[in-house]
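Since the structure comes first, as structure tokens, the remarks are kept for the end.
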Amino acid sequence: MSTHQSPKVSRTSSEMSADTQSVSLPMEKKQEIVSKYKQCLSLLKNGVGVEPKETIESGDFHIWLEDDDGKIIDPTPPPYSFFPKLEYKKWSMSNQKKVWSKYQHIIKNMTKTQRISMKKNLYKNPKIRQCPYNVYSYWCYNKHFKIVVGSCGYYIDNNTIFWEFG
């Protein structure tokens, strides 16, 4: 197992706070952004979210779709709209199959009415933190896409990715 150093962060939390002052947002939204940024910095300093991890047991993963050219289609809304740039990393095919087969089983055990309702509702209005069901719903209407399991992180600044999912 390799040891990881904390990544170099290109902005301090006070610089992030100053950045939010110049943007026209409600004060509570600005505070939320600075708070989440500080939380990410603290976690990164402690080695959390530094790099993607293939840990099936923890249930910590993300699921998205790709076309034949590798273009990512992610129907799940990002949890933090103020960190809109995302990064994706596929897991090994065997681990992808293990995770997705679990959700295929869950979906298969739903009643037909539940599956139809889920497909319609989540296709139109995908939910945060419901990636398996959002992806399934989108895929049902777009079967030419491949389902992909892996890690997803977001850039908290221009150079620093916080790997929150997986």
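Each reported figure results from applying straightforward, stated rules to the coordinates on display, with no laboratory input. This one's a predicted model, so the numbers in the text were calculated from it and none came from an experiment. Please note: Cβ atoms are built from the backbone with ideal geometry, for glycine as well, and neighbour counts cover all protein chains shown.
Details
- Entries of Lys119/Lys143; Lys97/Lys127; Lys71/Lys112 with Cα pairs more than 25 Å apart: Lys71/Lys112
- Cα shape, the range 52-136, gyration tensor, a/c 1.5 rule: oblate
- Fewest neighbouring Cβ atoms within 10 Å first, the residues Tyr37, Tyr133 line up as Tyr133, Tyr37.
- Amide H contacts of Ile73 (H built 1.01 Å from N, in plane; Pro and chain starts excluded): Leu65, Glu66, Asp67 sit under 5 Å, all sequence-distant by 5 or more or on other chains.
- For Lys89, the aspartates and glutamates whose Cα falls under 17 Å of its own Cα, not counting residues fewer than eight places away in the same chain, are Glu51, Glu54, Asp60, Glu66, Asp67, Asp68, Asp69, Asp74, Glu164.
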